[in-house]
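Below is one structure, written out as structure tokens; comments come after it.
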Amino acid sequence: MEKPLSLTVKEGTELTELTEKNRLILMVGHILNYHPAIRKLKEMITSGALGKIQYLYSNRLTLRKPRQQSRVRW
């Protein structure tokens with residue numbers, strides 16, 4: 001599901017109920033949660049390998065050309 005999941009809490013709740021009823025999975029903005037680099041970073045932070053983290057900053061960079069069009073609708 002593209003962000004935002006819905007425009008209202010009611011719509012979001014209805015989507016959640018529909019996915020549960022149909023035994024489906026509904027995810028929003030999940031791509032980086034499963035990225036190997038992000039998973040490794042989380043592992044290193046959790047294990048304490050990087051010490052006490054006080055601040056973390058990241059940029060999402062790519063070498064591909066920017067999209068000229070998108071099929072995402074509001």
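Each value in this text was obtained by applying a stated rule to the coordinates, not by laboratory testing. Predicted model only: the values in this text are computed from it and were never measured. Glycine gets a Cβ as well: all are built from the backbone with ideal geometry, and neighbour counts include every protein chain shown.
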Residues whose built amide H sits under 5 Å from the amide H of SER6, excluding neighbours closer than 5 in sequence, are none
For the chain, set up a Gaussian network in which alpha carbons nearer than 10 Å are linked by springs, and say which option among ARG60, ARG23, ARG39 fluctuates the most. ARG60
Counting only other residues whose beta carbon sits under 13 Å from that of PRO36, what net charge do I get with K and R as +1, D and E as -1? +2
Among the listed pairs LYS40/LYS65; LYS3/LYS65; LYS42/LYS65; LYS10/LYS52; LYS3/LYS40, give every one whose C-alpha distance is greater than 31 Å. LYS10/LYS52
With the 8 Å Cα cutoff and a minimum separation of six or more residues, region 1-59 has a relative contact order in percent of 28
Within 14 Å, Cβ to Cβ, of LEU50, how many net charges do the neighbouring residues add up to if Lys/Arg are +1 and Asp/Glu are -1? +2
Proxy reagent accessibility, fewest Cβ within 10 Å first, across ILE31, ILE38: ILE31, ILE38
Translational D (Stokes-Einstein, µm²/s) of the chain at 25 °C and 0.890 mPa s when Rh comes from the Kirkwood sum over C-alpha pairs? 153
Which angle from 0 to 90°, rounded to the nearest 10, does the C-alpha axis of helix 36-47 make with the longest principal axis of the chain? 60
